[in-house]
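Step one of this worksheet: look at the structure below.
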Amino acid sequence: MSKFFTLVFLLCISFVPAQNSNYSTEEFEVSREDLLATNYTLDTTAHAVYIYESGFTEFDPDEDYEVVTDYKAKIKILDKQGIDYATIKVPLGKNRDSDKVMELKDFKAHTFKLVDGRIVKKKVETSATFESEHKFYNEFSFAFPDVEPGDVIQFSYKIVSPFTFDFRTWEFQEDIPKMHSQFTSKIPGNYEYHTTLTGGRKLHKHEDKVIEHCISFGITSSMAGCVETLYVMKDIPAFIEEDYMTSEDNYIAKIEYELKQVTRTDGFERKYTLTWDDADKEIRTSSNWGKQWKKDNAVEDVLPDAISSLPNTLEKAKKIYYFIQENYKWNGEYDIHGDMNIKDIVDSKSGSVLAINSLLHNVYASEEFNVSPVLASTRRNGFAPRVHPAISEYNYFFIQLNLDGKEYNLDVTDEQLDFGRLPFRALNTYARKVNLNGSSDWMAIEPNDFSNYAFRDSLKVHKDGTASGTSNQHLSGYHAVNFRNKIKENGKEKIFQDLSKAQQFTRSTDIAVENLDDVENGLQIEYTLENVSQKINDLIYLNPFSFQFFEKNPFNLDERSYPIDFGYKNAFSYSAEIHIPEGYSVKELPEQKAIRLPGNGGALIFNAVSFSENVVMVQCRMTLSQTLYTPEYYDGLKKFFNELLTVQSQSLIVLEENS
């Protein structure tokens, strides 16, 4: 389980000291010290840094009580790469089902420079601003012209949101560091929110202040009090994305608000946060979800008799799965909150994630299999909230089949998936399994099997130092899914060049592929090898690895504060039978290695032995036996991968010509 946690503000707050006294971190105005400074001592690799950032959000009577956020920031540009941060993009949410959209007002922006010791201030004109429309949001962007390293950019604006029940989330952390970030919320006393701080970083300051008679919602209502809360965080490191992580939204430092209830002036309490019982009822009665999942009659003619007439065994379950996968196609959309009608999918034979997998659900249900709908969130979307139900946070859907005491998670959106395997995007730790006749429940998403990639080489070394032979490779699990998709996308002719991870000295003259369309069995690839010479004088230096498991170490940060999430368990193996040329003998074999991660988290085993006078056998196996590793494993994993790369790039068998 992830070490990421949520901190409710009713808990005590720890405080941390401030640094970076050379900058004016407590104010929006640009100072001479801001311009004179040349680096950021807490992160000397930073290309730009927020000196100061603030936000203030309230229900504004001047904007018809809509949620208004005043935003201010100043950023120091430290080098040429930092100039990229002089283009600012502001997303403005909108509702596709109405004309409601956020609006940006009161835009102001300036560039500050030191010219011959004088502070020069240059305004960003409206001609440098741009507005664009997207499916789920609009975007306001602007660029600071003529920015150079050493400059400070300063900007402010106001966002007016018509979504009064969606209070602003404040993100303290971004991909560049921040010296000072503060957020103030001013909330009427009759509005009650669940307020949480995520990301594991400590606040520098947290202050609450009660303001009496601060707001009135109309001429007939009395003045209500408000609670004004200030949150300050300092010296916030940049959040750097790296391989093998789920959404950064799971881990960045931020404050989130969820409306719990509103108490009207007459004392009536309207609750907005659902219990799971409320959520289950909403799911069951939804015209796009629960009501559709009960329409067994809409799919009664989908299956051919040859499948429908079979007994309800695993064989029949698989035939149903592959029939739907082959005959009904995903249109590339998730759209789990959109309109969906099972009958339309049957007729069109194409649809969204919700539609295609709902069809699969109903076909199983009509055949009297034990099947359940599952609401999920993709890795990119982030974790769906567990404490307080928020159905709108889910963006994915698959089903679970229970047969003979075993559970099979099923998704037919990818034609390369074998029965019981979810697409990688759905491997996001947990999901919510729906019971159409009772209470839903949490379920873990973790593949039980290892995804294997096995190499079996047979090489004959020639006297000129070249080597010829074959490499037979077997891929299963997610390695097979990924490789099949890439072959479909790029073509077989590009397998060796783009996909194989061949060493620089490896050459292939022919490639054969088996089981490309048979997803029930592992993918088989055979390369005919003609490797280039590695001979110096009377010595042949042979690297036994014609291919690599990994081309580079995916872990390069000094430290990582979020988990390493592979999604599935990995196993790589390499065996090579190497025939040495007549008249040569083995002078030197590479050193054996055996490395294990703590807690049986993985292992790297390598050895090379002389099997006979003219045959050397090489064995290498690497396993990652956990799908997810906590940040405490990071240094160990980084060293583990360095060792692997060393084994596969620097292991040499030295052959000597007999005198």
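Read-outs throughout are calculated quantities, based only on the coordinates presented, and are distinct from any laboratory measurement. These figures come from a predicted structure and were not determined experimentally. Virtual Cβ from ideal backbone geometry, glycine too; neighbours counted across all protein chains shown.
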Let me have the relative contact order for region 583-659, percent, based on Cα pairs under 8 Å that are six or more residues apart.
-> 41
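With respect to the cross-link table entries 329/501; 202/281; 100/202; 294/569; 501/593, which display a Cα-Cα separation exceeding 27 Å?
Too far apart for the 27 Å limit: 329/501; 202/281; 100/202; 294/569.
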Set of lysines near residue 108 by C-alpha distance (under 19 Å), chain-local residues within fewer than 8 positions excluded | 72, 74, 76, 89, 121, 122, 123, 158
The set of residues whose placed amide H lies less than 5 Å from the amide H of residue 352, leaving out same-chain residues fewer than 5 positions away, is 331
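Calculate, in nm to one decimal, what residue 642 and residue 41 gain on full extension: separation in residues at 0.36 nm each, minus their alpha carbon distance.
Here the answer is 213.5 nm.
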To the nearest Å, what is the center-to-center distance of region 50-100 and region 433-504, using C-alpha atoms only?
-> 44
Packing-wise, with mean Cβ within 10 Å as the measure, how do 259-267, 534-542, 50-58 rank, highest first?
-> 50-58, 534-542, 259-267
When we measure straight from the Cα of residue 535, which lysines land under 17 angstrom away, once same-chain ones fewer than 8 places off are left out?
-> 460, 463, 587
Indicate the gyration tensor shape class of region 142-203 (rounded, prolate or oblate), computed on the Cα atoms with a ≥ b ≥ c the square roots of the eigenvalues: a/c under 1.5 is rounded; otherwise a/b larger than b/c is prolate and the rest oblate.
-> oblate
Computed [θ] at 222 nm, helices only, for the chain once each DSSP H run of length n ≥ 4 contributes -39500 (n - 2.57) | -4000 deg cm²/dmol
Count charges around residue 447 for me, please; just the other residues with Cβ under 9 Å from its Cβ, Lys/Arg as +1, Asp/Glu as -1.
-> 0
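So which GluC sites (Glu not before Pro) in region 102-168 are both in a DSSP loop and have at most 12 other Cβ atoms within 10 Å of their Cβ?
Listed in order of number, the matching sites are 125.
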Place a +1 charge on the Cβ of each Lys and Arg in region 170-217 and a -1 charge on the Cβ of each Asp and Glu, then give the dipole magnitude about the Cα centre in debye, rounded to the nearest 20.
-> 180
Run the quick spin-label model on residue 406 and residue 486: label points 7 Å from Cα toward the beta carbon, then report their separation in nm to one decimal.
-> 2.9
Options 650, 490, 225, ranked by Cα towards positive dipole end of the chain, top entry (Cβ charges) = 650
Find the relative contact order for region 426-565 and round it to a whole percent, using C-alpha pairs within less than 8 Å whose residues are 6+ positions apart.
-> 22
What is the magnitude of the charge dipole of region 346-475 about its Cα centre, with +1 placed on the Cβ of each Lys and Arg, -1 on the Cβ of each Asp and Glu, and no other charges, expressed in debye to the nearest 20?
-> 480
How far, in nm, would the chain grow between residue 216 and residue 448 when pulled straight, counting 0.36 nm per residue and subtracting the alpha carbon separation?
-> 77.8 nm
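Which of rounded, prolate, oblate describes the chain, given a ≥ b ≥ c as roots of the alpha-carbon gyration tensor eigenvalues and a/c under 1.5 marking rounded, otherwise prolate only if a/b is larger than b/c?
Oblate, because a/c is 1.5 or more while a/b does not exceed b/c.
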Dipole magnitude of the chain about its Cα centre (Cβ charges: Lys, Arg +1; Asp, Glu -1), debye to nearest 20 | 600
Rounded to whole angstrom, the alpha-carbon centroid of region 313-348 lies from that of region 102-139 at a distance of 48
By the DSSP-based rule, helices of the chain that are at least 18 Å long along the axis (C-alpha) and have a mean Kyte score of at least -0.5 are 353-366, 634-650
Region 605-659 and region 355-408: distance between their alpha carbon centers, rounded to Å | 41
What ranking do 355-363, 148-156, 109-117 get when scored by the average of other Cβ atoms within 10 Å per residue, highest first?
-> 355-363, 148-156, 109-117
Provide the FRET efficiency to the nearest 0.05 for the residue 127-residue 89 pair, computing r from the beta carbons and using R0 = 22 Å.
-> 0.80
Once the dipole of region 342-428 is set up with Lys and Arg at +1 and Asp and Glu at -1 on Cβ about the Cα centre, which of 427, 351, 372 lies farthest towards its positive end?
-> 427
Taking a point 7 angstrom from the Cα of residue 263 along the C-beta vector, which residues in region 186-206 have backbone N less than 16 Å away?
-> 187-194
